[in-house]
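Here the structure is laid out as structure tokens; the discussion comes afterwards.
The values are calculated or read from the model by the stated rules, or taken from the named source; none is laboratory data. For clarity, every value in this text was computed on a predicted model and none was experimentally measured. For neighbour counting, all protein chains shown are included, and Cβ atoms are generated from backbone atoms with ideal geometry for every residue, glycine included.
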Amino acid sequence: MQLVSGGASQRLTEKIGAELGVEPLRRELSRFPDGEIHVELSGDVRDEDVYLVQSTGPPVQEHLAELILLADAAYRAGAARLNAVIPYLAYARQDRRTAPGEPVALRVVADLLSASHVHRIVVVDPHTPDVESIFSVPVETTTAVPDLAEALAAALDGPAVLVAPDLGAAKLAEVYAAHLGLEVAIVRKTRVSGDEVQTTGLIGDVTGRTPVVIDDIVATGGTIASAVRVLLDAGASAPVMVAATHCLLVGPAEERLSQVPIGRLWTTDSLVVEPRELTVEVISLAGRLAEVVRRLHAGEPLAELALHR
Ligand code: R5P
């Protein structure tokens, strides 16, 4: 097997490699003066199973282009099978048209990866379970929920309630509930624009309990910040706990999240974030992804490592 990292996931790939006892292949990533991306693999991948690790967080287009160029490079160098390990899969929130003039962007990404000869993709807590039906190659989905739930369980002291900050997160909240044995409340949210949301109410009782808001993604922080306000208005105890697999923290996220009482915020290293004001506790996906890669390579089932929702 050969491990190759894109520019977005170098540290994570090194950690996965350390777990597996595999040194990531050397590769060069550079830019031509006009901005085009140039990639070059050093070392032999002929007849090898290649695992390309690349999250597609910001700058999204650059990281996506690196991934498909690395895949094509490995294909042309004779790799036997190409596995794209994409801890954070961009465009998964554009899995359907919400207006007549829009594309199905996730489908375009799926086609790009197939055209780059990727045989299989591995994703962590993707925004939509439809990833599996949209991609024409097999999709293996793993989850950070058990690791995040373990951190939450160790930190919680007293009555608590899980909170899905919108209807879309309700199923994920149920997965957390199965680990933590807590009740689930749901915030009713409407998205006004890419960075604005409106909350219209709360389903469930949070009075006097510590809310644990869970989500797949924190992007501009609007969803979490509005949920926290609704929860406090409904009589929940402050501070609020937050867990989200992917922390993009773009635009006004830090400012928004600093303005509401968040006690602790857990995430994973699916993305590299270096907040200036916010304290984020990062749980590594390395052990989990290493075991996923080991099992896929050995032809073993992912079993408990797979996300079922
Ligand atoms: C949306 O349905 C997702 O699950 C997240 O709630 C959303 O992407 C978070 O975005 P933001 O932080 O910009 O509100």
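The set of residues from the range 123-157 being among the acidic types (Asp, Glu) and not in a helix (DSSP H, G or I) comprises ASP125, ASP130, GLU140, ASP157. Taken together, the residues in the range 165-182 that are in contact with a helix residue (DSSP H, G or I) (Cβ under 8 Å, 6 or more places away or on another chain) and assigned to a helix (DSSP H, G or I) amount to 5.
Checking each residue in the range 237-293 for being closer than 26 Å to GLN10 by Cα, in contact with a Lys or Arg (Cβ under 8 Å, 6 or more places away or on another chain) and among the β-branched types (Val, Ile, Thr) picks out VAL272, THR279. When residues in the range 241-268 are screened for being on the phi < 0 side of the Ramachandran plot, part of a loop (DSSP other than H, G, I, E, B) and surrounded by fewer than 21 Cβ atoms within 10 Å (Cβ to Cβ), 5 of them pass.
Within the range 27-43, the set of residues being surrounded by 10 or more Cβ atoms within 10 Å (Cβ to Cβ) and more than 29 Å from the chain's Cα centre (by Cα) comprises just one member, GLY43. The combined condition, being outside any loop (DSSP other than H, G, I, E, B), under 18 Å from the mean Cα position of the chain (by Cα) and either exposed (fewer than 13 other Cβ atoms within 10 Å of the Cβ) or modelled with pLDDT of 95 or more (or both), is fulfilled by LEU12. Take the residues of the range 123-154 that are within 16 Å of the ligand (Cβ to nearest atom) and among the aliphatic types (A, V, I, L, M): which is surrounded by the fewest Cβ atoms within 10 Å (Cβ to Cβ)? For the range 123-154, the residue satisfying everything is VAL131. Quick check, is ASP166 closer than 22 Å to LEU278 by Cβ, in contact with an Asp or Glu (Cβ under 6 Å, 6 or more places away or on another chain) and within 16 Å of the ligand (Cβ to nearest atom)? In short, no.
Every condition in (1) on the phi > 0 side of the Ramachandran plot; (2) within 13 Å of the ligand (Cβ to nearest atom) holds for GLY299 except the one numbered (2). Can LEU257 be described as hydrophobic (A, V, I, L, M, F, W, C), in contact with a Phe, Trp or Tyr (Cβ under 9 Å, 6 or more places away or on another chain) and more than 30 Å from ASP49 (Cβ to Cβ)? When the stated conditions are applied, LEU257 does not pass them.
Taking the criterion of being at pLDDT 90 or above and near the ligand (Cβ under 10 Å from one of its atoms), no residue of the range 191-204 qualifies. Within the range 169-190, the set of residues being of a type in the set (D, E, K, R) and within 15 Å of the ligand (Cβ to nearest atom) comprises LYS171, GLU174, ARG188, LYS189.
Taking the criterion of being among the small types (Gly, Ala, Ser), farther than 15 Å from VAL139 by Cα and surrounded by 14 or more Cβ atoms within 10 Å (Cβ to Cβ), the only residue of the range 91-114 that qualifies is ALA105.
Of all residues in the range 205-240, those satisfying the criterion of being within 16 Å of the ligand (Cβ to nearest atom) and outside any helix (DSSP H, G or I) are PRO211, VAL212, VAL213, ILE214, ASP215, ASP216, ILE217, VAL218, ALA219, THR220, GLY221, VAL240. TYR75 fulfils the conditions (1) within 25 Å of LEU29 (Cα to Cα); (2) out of contact with any His (no Cβ under 6 Å at 6 or more places or on another chain); (3) surrounded by fewer than 23 Cβ atoms within 10 Å (Cβ to Cβ) except for a single criterion, (2). Tell me which residues, restricted to the range 269-296, are closer than 25 Å to LEU3 by Cα and either part of a loop (DSSP other than H, G, I, E, B) or within 16 Å of the ligand (Cβ to nearest atom) (or both). Correct list: ASP269, SER270, LEU271, VAL272, VAL273, SER284, LEU285.
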